[in-house]
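Heads up, the thing below is written out as structure tokens.
The values are calculated or read from the model by the stated rules, or taken from the named source; none is laboratory data. In this text, all values refer to a predicted model and were calculated from it rather than measured experimentally. A quick note on method: Cβ atoms are made from the backbone with ideal geometry, for glycine too, and the neighbour counts reach across all protein chains shown.
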Amino acid sequence: MLTSLYIHIPFCSQICTYCDFHKEMAKQSKKEKYISALIKELEYHRNEIKNVKTIYIGGGTPTSLELPLLEKLLITINNLIDMDNVLEFSTESNPNDYNLELILLLKKYNINRVSIGVQTFDKEQLKFLGRTHTKNDVLNAIKLLRENDFTNISIDMIFSLVNQTEDDLEKDLIEVLKLDADHISYYSLILEEKSKLYYLLGKNKISMNSEELEGLMYNKVINTLEENSLMQYEISNFSKPGFESLHNKTYWLNLEYLGVGTGSHSMYQGFRYYNPTNITKYIKMIEEDDFTFHTSYEYDSLNEEMMLGLRLIKGININEINEKYNIDILTYFPDLNKYLDQNIIEVNNGYLRFTRDGILLGNLVFQIFVEVL
Ligand code: SF4
């Protein structure tokens with residue numbers, strides 16, 4: 001049964017130097033056409049989505065939409081989906097998008113979780129990353145959200161930024177803790193091929209931190225957050241008890257989800273596919289009532305399930321996998337035994353998981369599943 005719906009808004013009011021997400025800065029007329037197409041796609045899937053348990057609006061930056069346009073989308077979602085069934089309805093957002101009007105709109109249409117792109121508190125780093133918000137924007141956003149009874153606030157942070165030292169990271173962590181967020185996603189900076197930072201790296205204008213420093217920083221993040229009751233439940237995700245992201249767990253547990261909007265991926269009824277990545281093509285096909293735009297692709301369910309499940313700190317339920325795929329995973333993937341012997345992974349209460357030190361060497365283990373994909 002379909003439990004999760006992802007909705008993609010491919011627009012931003014600024015383009016960050018590290019970002020390779022599917023997004024652009026667009027004129028109002030294009031945004032309007034896009035939202036109309038998106039609504040048509042949602043209506044096309046009305047029977048499949050009416051009982052979903054989690055909804056996630058991502059991007060891009062959904063909250064960069066002008067409010068009437070955002071409201072048009074939210075009205076449709078609320079009309080098509082039985083909101084009494086929905087446990088988690090999230091939107092991504094940027095700190096400087098928040099004002100009382102936006103917050104009341106989110107509340108009116110049952111959004112009960114917000115994810116805010118904070119990234120760092122260092123003014124120079126924010127500028128370097130192409131972010132346009134300030135620390136005060138973050139503080140104001142969270143204050144307003146709390147005053148209006150938002151009880152599930154997540155923030156996105158980045159560590160191992162260009163030239164960032166351990167001391168710099170410590171300063172960021174001090175600010176993070178003051179926010180008292182319920183959930184934190186803390187990723188290391190990754191230079192994606194299509195990003196401006198990747199280009200600068202190629203021209204030797206910037207350099208990345210060594211793996212050793214990145215490892216030290218990752219440890220600092222884990223230790224600091226856990227000492228403050230933000231428990232790590234996934235390689236890059238931390239939460240107060242009871243605030244793990246239900247929507248993202250759909251992905252990590254290899255469960256079915258439907259993605260709508262340009263470039264969105266779906267895993268539904270045994271198939272994997274994605275929508276056209278070209279926004280104009282996506283709009284045109286929908287305007288012509290042509291919903292044959294999915295591109296399917298092969299995937300190996302077992303290998304994906306191993307890769308995704310090991311991202312969770314709890315790990316993979318060995319019996320469930322063995323029964324589901326009629327295998328013995330330690331025989332099927334003999335290299336796992338090597339990493340068990342090296343104490344990189346361990347078996348705990350029937351779950352296969354990374355050890356606390358082993359998590360830093362995750363890529364070694366993930367390689368097993370990439371090679372056979
Ligand atoms: S990081 Fe977020 S806000 Fe920045 S360009 Fe990418 S999607 Fe837009």
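Brief remarks follow.
- Residue match in region 107-115 (condition: β-branched (V, I, T), touching a strand residue (DSSP E or B) at 6+ places or on another chain (Cβ under 8 Å) and farther than 24 Å from L177 by Cβ): yes
- Leading residue by the ranking (farthest from L100 (Cα to Cα)) among those in region 33-85 that are within 20 Å of the chain's Cα centre (by Cα) and of a type in the set (S, T, N, Q): T54
- Per this entry, Y34 is not counted among residues that are within 22 Å of N152 (Cα to Cα), within 16 Å of the ligand (Cβ to nearest atom) and either aromatic (F, W, Y) or touching a Phe, Trp or Tyr at 6+ places or on another chain (Cβ under 7 Å) (or both).
- The one condition in (1) away from the ligand (no atom under 16 Å from the Cβ); (2) assigned to a helix (DSSP H, G or I); (3) surrounded by 21 or more Cβ atoms within 10 Å (Cβ to Cβ); (4) not small (G, A, S) that I55 fails to fulfil: (2)
- Test: I7 is among the hydrophobic types (A, V, I, L, M, F, W, C), more than 15 Å from the ligand (Cβ to nearest atom) and either over 21 Å from D137 (Cα atoms) or not assigned by TED's automatic domain parsing to the domain that holds F150 (or both): no
- Only a single item in (1) over 27 Å from D97 (Cβ atoms); (2) buried (at least 20 other Cβ atoms within 10 Å of the Cβ) is not met by E212, and it is number (2).
- Of all residues in region 145-172 being surrounded by fewer than 22 Cβ atoms within 10 Å (Cβ to Cβ) and of a type in the set (A, V, I, L, M), the one that is modelled with the lowest pLDDT: V162
- Number of positions in region 320-355 that are polar (S, T, N, Q) and farther than 17 Å from N303 by Cα: 5
- Enumeration of residues in region 1-44 that are part of a strand (DSSP E or B) and over 26 Å from Y199 (Cβ atoms): S4, L5, Y6, I7
- Criterion: more than 14 Å from the ligand (Cβ to nearest atom), among the aliphatic types (A, V, I, L, M) and at pLDDT below 95 - qualifying residue of L2, L42: L2
- Check on S236, touching a residue at least 40 places away in the same chain (Cβ under 8 Å) and buried (at least 20 other Cβ atoms within 10 Å of the Cβ): no
- Matching option when the condition is in a loop (DSSP other than H, G, I, E, B) and away from the ligand (no atom under 15 Å from the Cβ), among N110, N78, N47: N110
- The condition (being away from the ligand (no atom under 16 Å from the Cβ), assigned by TED's automatic domain parsing to the domain that holds D82 and in contact (Cβ under 8 Å) with a residue 40 or more places away in the chain) is satisfied by just one residue among L145, L197: L145.
- Residue count for region 349-365 satisfying the condition of being surrounded by 16 or more Cβ atoms within 10 Å (Cβ to Cβ) and out of contact with any Gly (no Cβ under 8 Å at 6 or more places or on another chain): 5.
- Subset of region 261-302 that is of a type in the set (D, E, K, R) and either closer than 20 Å to E43 by Cβ or in the same structural domain as G59 (by TED's automatic domain parsing) (or both) - its residue that is surrounded by the most Cβ atoms within 10 Å (Cβ to Cβ): K284
- Sole residue being without any contact (Cβ under 8 Å) to a residue 40 or more places away in the chain, away from the ligand (no atom under 16 Å from the Cβ) and not acidic (D, E), chosen from L73, L67: L67
- Looking across region 6-50 at every residue that is under 20 Å from E288 (Cβ atoms) and β-branched (V, I, T), the one that is surrounded by the fewest Cβ atoms within 10 Å (Cβ to Cβ) is identified as I39.
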